[in-house]
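Take a look at the structure below.
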Amino acid sequence: MKRLILVSTALALMTGSALADKFLVDMKGPGAGNPFWAAVEAGAMEKGKELGVEVMVMSPPAESDVAAQIAQIEDMIAQGLDGIALAPTDPNALAPVVDAAKAKNIPVVFVDTKGTNEGITFIGTDNAAGAKLAADYICGKIEKGSEVAILQGIITQSTGQARATGSKAGLEACGLKVVAEQTGEWDRAKGQAAMENIITGNPNIKAVFASNDNMALGAVEALKSAGKLADVMVVGFDANPDAAASVLAGEMTATVAQAPKNMGGFGIQALVDLKAGKTIEPVIDTGTVLVDKSNAEQYK
């Protein structure tokens, strides 16, 4: 009898586990070494625990590894899923695998970066508005006619495009001259290398907008090495803890805060709602805030 009770309990636990909805959050890059993606992951896991669903978080080894992300999602679709929250490395390249999920009635939402598939909710930041917020801040700090530069992300991604176009429009609207635009592919080392190139070709720049904080921190290192950090303001995007510390230390001047934890949490909530047959909004905006020395302590 005792053995029968133990077996029955085990079966009940297995059945409960099998019945739990299983959702995948597939990010553009790993959380390790990138506080932004770490926050997305944390938000998704916390919401999954709150709602009693199983959450798996995956990512390609690098944000430029499109093939690895496609392979991950194809493999997980084959294993069976109840929903996917996806930050696509390349929206066009990921479109077929998103269609494959939809064909199997697996709900999909985009987080952080908008995809190209029609009818799928986007959960994330209004990146153009956030980049303009950064541009307006720069405009208020340096003289009209000054030369400025932009460090772009991966420009094939909607996030990269929106931050590049939003910042450029804002900078030019107030009379600043955008003399250089180079990609650092969201990476700190590549951002540093791009900034070194910009400095060499444009020694008179007064400010740089970096489309994420990793590249902004790389730009700081390049400017330090060139002895120009005191003359060039650096404004980033994401307000990750390293950037907040840099702002407080007087190196980066400012950054724009997102809510990456909300992206992960809202993504799981949206998938649960879709699985339950509910209708969700086509765009769920997580908002932006300008972060400088006055409020950077909140983001450490």
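Please determine, in degrees from 0 to 90 and to the nearest 10, the orientation of helix 260-275 with respect to the longest principal axis defined by the Cα atoms of the chain, where the helix direction is its Cα long axis. The answer is roughly 40 degrees.
Among the listed pairs Lys114/Lys206; Lys22/Lys300; Lys114/Lys293; Lys177/Lys228, give every one whose C-alpha distance is greater than 23 Å. From the list (Lys114/Lys206; Lys22/Lys300; Lys114/Lys293; Lys177/Lys228), the Cα-Cα distance tops 23 Å for Lys114/Lys206; Lys22/Lys300; Lys114/Lys293.
Across the chain, Cα pairs under 8 Å and at least six residues apart give a relative contact order of 19 percent.
Ordering Val53, Leu274, Leu290 by the projection of their Cα atoms onto the charge dipole of the chain, which places +1 on the Cβ of Lys and Arg and -1 on the Cβ of Asp and Glu, puts Val53 at the extreme positive end. A P(r) calculated from all alpha carbon pairs of region 159-260, with 5 Å bins opening at zero, reads 3, 14, 26, 27, 20, 9, 1, 0 percent. Kirkwood radius and radius of gyration were both taken over the C-alpha atoms of the chain, and their ratio Rg/Rh is 1.06.
Accessible area of the chain with a 1.4 Å probe: how many percent of it is carbon plus sulfur? Whole-percent figure for carbon plus sulfur exposure: 53. The helix-based estimate of mean residue ellipticity at 222 nm for the chain, built from -39,500 (n - 2.57) per DSSP H run of four or more residues and divided by its residue count, is -15500 deg cm²/dmol to the nearest 500. Compared with the dominant principal axis of the Cα atoms in the chain, helix 127-139 is inclined by about 20°. Just name one of Gly31, Ala20, Leu217: the one whose Cα is farthest towards the positive end of the charge dipole of the chain (beta-carbon charges, Lys/Arg +1, Asp/Glu -1). Of the options given, the answer is Ala20.
Placing unit charges on the Cβ atoms only, positive for Lys and Arg and negative for Asp and Glu, gives the chain a dipole magnitude near 420 debye about its Cα centre. The C-alpha atoms of the chain define a longest principal axis, and helix 66-79 lies at about 20 degrees to it. Shape descriptor for region 83-131: Rg over Rh equals 0.99 (Cα atoms; Rh from the Kirkwood inverse mean 1/r).
State in Å² the accessible area per residue of the chain; use a 1.4 Å probe, count heavy atoms of protein chains only, and round to the nearest integer.
44
Would you mind telling me which residue in Asn214, Asn117, Asn262 has the biggest mean-square fluctuation in a Gaussian network model of the chain, where springs connect alpha carbons within a distance under 10 angstrom? Taking springs between Cα atoms under 10 Å, the residue moving most is Asn117. What residues of region 142-162 lie in the reach of a label at Asp285, counting those whose backbone N is under 16 Å from a point 7 Å from the Cα along Cα→Cβ? Those under the cut-off are 162.
From the Kirkwood radius over Cα pairs of region 38-135, Stokes-Einstein at 4 °C and 1.567 mPa s returns a whole-number translational diffusion coefficient of 90 µm²/s.
Computed over region 105-218, the range of Cα coordinates on each principal axis works out to 55, 29, 18 Å, biggest value leading.
The values are calculated or read from the model by the stated rules, or taken from the named source; none is laboratory data. Note that the structure is a prediction, hence the values are computed from the model and not measured. Note that each Cβ is placed from the backbone with ideal geometry, even for glycine, and that neighbours are counted across all protein chains shown. Only protein heavy atoms, including side chains, enter the accessible area calculation; ligands, DNA and RNA are left aside. Shrake-Rupley method; radii C 1.70, N 1.55, O 1.52, S 1.80 Å.
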